[in-house]
Amino acid sequence: MKRKVLMSWSSGKDSAWALYQLLHNPEFEVVGLFCTINKKFNRVAMHSVRVALLKQQAAQIGLPLHIIELPFPCSNVDYEAIMGDFVAQVQRDEIDCFAFGDLFLEDIRQYREDKLQGTGIEPIFPIWGMPTDELSYQMIDVGLKAITTCVDPKQAPEHLIGQIFDKQFLQSLPDGVDPCGENGEFHSFVFDAPMFKQPIDITVGEIVHRDGFIFADVLPTAATTQ
């Protein structure tokens, strides 16, 4: 019997690639996505992606989407209580695993493992340890298309914001910037992928500097924004 999996969905390329791998793994059945959003701004935290676009992604993939609302500001205590409630909810649905798109940050993996210990839900990491210099090109070659929505200017050049994640983008990265942005250098929104029914039409709106980061407001061109 296949193990039932919920995919932790950030709207970006790494979670999309982890999902792509799971969909081709006969051991698992992906039954849905879950994503935390900033309730005040109605956007995915850090990625700053509008909920309207998040819902379009789920529709193109054809999976249910669980939206977990977080207050702003959100303390660690609040976060863990809200996530604990979500875990209790999906335990009743007999979910076997949560999948994450983490690549090599040991502290984040350990945190996830610690928080799920004793719940009966196993954390799995489908793309863990893959070399990011190879993985980044593999994503592009297979047809994953993404755009940068957030850049940390302390770690990466400002001009990367609002850029398509393609081979030219990768070749422009300075030394020390991870090709997948795994250290938080940049975050992305996937608008097309092999498991999408069709691409999501987008346009780049306002670029803003906020809280030490640079954000691009990616807009859906064929749907009502939220």
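The values are calculated or read from the model by the stated rules, or taken from the named source; none is laboratory data. Nothing here was measured: the structure is a model prediction, and the numbers come from that model. FYI the Cβ positions are ideal-geometry reconstructions off the backbone, even for glycines, and counts take in every protein chain you see. Note: accessible area is taken over every heavy atom of the protein model, side chains too, but ligands, DNA and RNA are not part of it. Shrake-Rupley method; radii C 1.70, N 1.55, O 1.52, S 1.80 Å.
Numbers at a glance
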quantity: Heavy-atom SASA rank of F72, F98 (probe 1.4 Å, accessible area, largest first); calculated: F72, F98
quantity: Cubic angstrom per residue, convex hull over Cα atoms of the stretch 89-223; calculated: 157
quantity: Taking the convex hull of Cα positions in the chain, its mean projected area over all directions (nm²); calculated: 12.1
quantity: Acute angle (nearest 10 degrees) that the helix 51-61 long axis makes with the longest principal axis of the chain, alpha-carbon atoms; calculated: 70
quantity: Furthest towards positive pole of dipole, L70, N42, Q138, structure part the stretch 19-160, Cβ charges; calculated: N42
quantity: Per-peptide average of other Cβ atoms within 10 Å, ordering 86-92, 8-14, 131-137 highest first; calculated: 8-14, 131-137, 86-92
quantity: Difference of contour (0.36 nm per residue) and Cα-Cα distance, I108 to T203; calculated: 31.0 nm
quantity: Helix 106-116 vs. the chain, principal-axis angle (Cα, 0 to 90°, nearest 10); calculated: 30
quantity: Local electrostatic count, F196, Cβ distance below 15 Å [Lys/Arg +1, Asp/Glu -1]; calculated: +2
quantity: Sites E182 and D93, calculated FRET efficiency, Cβ-Cβ separation with R0 41 Å, nearest 0.05; calculated: 0.85
quantity: Shape category assigned to the stretch 8-94 from the gyration tensor of Cα positions, a/c cut at 1.5; calculated: oblate
quantity: Solvent exposure of the chain as accessible area per residue, Å², 1.4 Å probe; calculated: 48
quantity: Modelled FRET efficiency - R0 22 Å, L219 with L70, Cβ distances, 0.05 increments; calculated: 0.45
quantity: Within the accessible area of the stretch 129-171 (1.4 Å probe), percent carbon and sulfur; calculated: 47
quantity: Spin-label proximity, K115 to the stretch 18-35 - amide N less than 11 Å from point 7 Å beyond Cα toward beta carbon; calculated: none
